[in-house]
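The values are calculated or read from the model by the stated rules, or taken from the named source; none is laboratory data. On a predicted model such as this, the values are computed, not experimentally measured, just so you know. When we count neighbours, we look across all protein chains shown, and the Cβ atoms used for this are built from the backbone with ideal geometry, even at glycine. For the accessible areas, the whole protein counts, side chains as well, though only heavy atoms, and no ligand, DNA or RNA atoms are used. Shrake-Rupley method; radii C 1.70, N 1.55, O 1.52, S 1.80 Å.
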Amino acid sequence: MKIIIINGPNLNLLGKREPEVYGTTTFEEYFKDLQDNYKSIELSYYQSNIEGELIDKIQEVGFSHHAIILNAAAYTHTSIGIADAIKAITTPVIEVHISNTFSRESFRHQSYISPNVQGIIIGFGMKSYELALQSFL
Ligand code: DQA
């Protein structure tokens, strides 16, 4: 089973960025643990700070992979382009967020992505990604 985790802007700074919100683990460390714990899955990871690159990646994997776990970060709240890309592909997408976006600023309460995804996992810290992964098993 081929599953990709796609992370949007500023998530390359996990571990350093607002640790009180996002924790102190880097995504690379967390991803290595996931790979070790789910050896039966062909798990890959992509991160970009650029909206168009995220759309390119969604299109590239969106007809071949079994699942996409997507944290579009700030683009969640702004990007019709990413929402349309999710609509255009056949691979199911799970939207994840590390923080509970509904307990934060009101601009984080809107997601352009949510209507087009299979499910949403929000607010379980880094564990949100693992919960999404388990939903495909
Ligand atoms: C986030 C929540 C977004 O509102 C924010 O812009 C992020 C990270 C999360 O995982 O909690 O960058 O997607």
Next item on the list: Working only within the stretch 111-124, note down all residues that are more than 9 Å from the ligand (Cβ to nearest atom) and more than 17 Å from PRO9 (Cβ to Cβ).
Entry: SER114, PRO115, ASN116, VAL117, GLN118, GLY119, ILE120, ILE121, PHE124
Next item on the list: Could you grab the pairs with beta carbons closer than 6 Å, sequence gap of 6+ or different chains, first residue in the stretch 18-32 and open to solvent by less than 50 Å² (accessible area, probe 1.4 Å), second one among the small types (Gly, Ala, Ser) and modelled with pLDDT under 95?
Entry: THR26/GLY15
Next item on the list: Examine the stretch 97-109 for a residue that is touching a residue at least 24 places away in the same chain (Cβ under 8 Å) and more than 10 Å from the ligand (Cβ to nearest atom), and state whether such a residue exists.
Entry: no
Item checked: Failed condition for GLU42, given (1) surrounded by 15 or more Cβ atoms within 10 Å (Cβ to Cβ); (2) under 24 Å from GLU29 (Cβ atoms) -> (1)
Checklist line | Residue check, THR91 β-branched (Val, Ile, Thr), open to solvent by less than 50 Å² (accessible area, probe 1.4 Å) and within 11 Å of the ligand (Cβ to nearest atom) | finding: no
Margin query: Please go through (1) among the small types (Gly, Ala, Ser); (2) exposed (fewer than 15 other Cβ atoms within 10 Å of the Cβ); (3) under 19 Å from VAL21 (Cα atoms) for SER114 and return the number of the only condition it doesn't satisfy.
Written below: (3)
Next item on the list: Only residues in the stretch 121-137 that are of a type in the set (S, T, N, Q) count as the first member; pair them with residues that are in a strand (DSSP E or B), Cβ under 8 angstrom, at least 6 apart or cross-chain, and list the lot.
Entry: SER128/ASN71; SER128/VAL96; SER128/HIS97; SER128/ILE121; SER128/ILE122; SER135/ILE94; SER135/GLY119; SER135/ILE121
